[in-house]
1. Springs between alpha-carbon pairs under 10 angstrom, Gaussian network model over the chain: which of 281, 186, 211 fluctuates most?
2. Of the residues 29, 57, 135, which exhibits the maximal mean-square fluctuation in a Gaussian network model of the chain defined by a 10 Å Cα contact cut-off?
3. For the stretch 195-232, which GluC sites (Glu not before Pro) pass both filters: DSSP loop (anything but H, G, I, E, B) and at most 12 other C-beta atoms within 10 Å?
4. Contact order normalised by length for the stretch 128-298, with contacts defined as Cα pairs under 8 Å and 6 or more residues apart; what percent is it?
5. Suppose a student asked you for the relative contact order of the chain, using Cα pairs under 8 Å spaced at least 6 residues apart; what percent would you report?
6. How long are the three semi-axes of the equivalent ellipsoid of the stretch 29-73, in whole Å, if each is the root of 5 times an eigenvalue of the C-alpha gyration tensor, listed from largest down?
7. Run lengths n ≥ 4 of DSSP H only: what is the helix-derived mean residue ellipticity at 222 nm for the chain, with -39500 (n - 2.57) per run over all residues, to the nearest 500?
8. For a quick size check, give me the Cα extents of the stretch 236-296 along its three principal axes, largest first, whole Å.
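The values are calculated or read from the model by the stated rules, or taken from the named source; none is laboratory data. Quick caveat, the model's predicted, so the values are computed rather than measured. With ideal geometry, Cβ positions are generated from the backbone for all residues, glycine too; neighbour counts draw on all protein chains shown. All accessible areas refer to the heavy atoms of the entire protein, side chains included, with ligands and DNA or RNA removed. Shrake-Rupley method; radii C 1.70, N 1.55, O 1.52, S 1.80 Å.
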Amino acid sequence: MKILAFESTCDETAVAVVEDGRKILTDQILSQASLHAVYGGVVPEIASRCHVEAISILSQRAIEAAGIGKKDIDAVAVSYAPGLIGAVLVGVNFAKACASALGIPLIPVHHIRGHIAANYLAYPELEPPFLCLAISGGNSLLVDVRDYTDMKILGCTRDDAAGECFDKTARVLGLPYPGGRPIEEFSKGGDDTKYVFPTAHVEGHPYDMSFSGLKTAVINLVHNAEQKGEEIDRASLAASFTKAVSDSLVPRTMQAAEALGYDKIVVAGGVAANARIRADFKREAEKAGRRLFIPPLKLCGDNGAMVGAQGYYEYLAGVRAGSDLNAYATMEI
Ligand code: KG4
């Protein structure tokens, strides 16, 4: 079964063709990040306009690159929540038009479910149940993935998402948006023990996370040093910050896997691209004798293939949408 899949929840327009939920025939991605970089973050109105300009051309390109004709497409899948509402609406309306014109089913896909499903593309042997940590620019969740379409949130961030914290810290350090990759580059050669940052715990909610205190601690440290005219070792600050993020993600996930008795741990989302976080997970999973699944870098960030992968399993579960499908800025997984 071939699914034409759309992703437009933030600043990537992506169109993919995925076969049977596991095989990528093509994954066309157009990132707008450089357009938003001058503003230090995503400007929703600009994002919506760019999606409108790109989505039709990308769709044409995807169908050509997949080596198929429109009549070979069996269904259309689209990320319909959560995300920037104007941006999500572009994908939803275009997908509705495609499904209607081709007379094929329309499948709504939750964006974070898509991130999780990126792992099905990378690991053919991976099947639920498993424990998943989903860490992206807008969300940080620990999810009990009981089945392909049956998930329960075990914990989430109480404030900023992990990616958001990378982006805001990068801004304080004078690094470009999005900040995750530049912080990773910048932290090379830094001493991760030089600065000690807080790792938050929410009393009575062991799987919930919080990153706003960490962000504030970095801002205060930089501003205090500037006021006193002191030099900051920025590479070590970036390394120490990344260590603090990793320390609030990895042990918590390992603890949840232990408590729930899961031997498979899956990590998903843009922040899963971080080399330090990947290495910490690998070490701890090996130590605990659990199997670890993290997508290759190109499937960590937003892409259309992940929507096609999850769309397949939603389709098998009987999920369909009509022409009244709406976009949603927030929605529980
Ligand atoms: O999953 P994603 O592409 O978009 C959302 O669905 O939000 O995640 C984007 C986030 C950004 O905050 C970006 O700074 C972060 O992922 N990111 C990273 C790295 N690459 C991207 N964070 C840490 N280290 C990286 N190498």
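1. Highest fluctuation among the options: 186.
2. In the Gaussian network model the winner is 57.
3. Passing both the DSSP loop test and the Cβ count: 203, 230, 231.
4. 26 percent
5. Once divided by the residue count of the chain, the mean separation gives 26 percent.
6. Each semi-axis is √(5λ); the values are 29, 10, 6 Å.
7. -14500 deg cm²/dmol
8. Projected onto its principal axes, the Cα set of the stretch 236-296 covers 36, 22, 17 Å.
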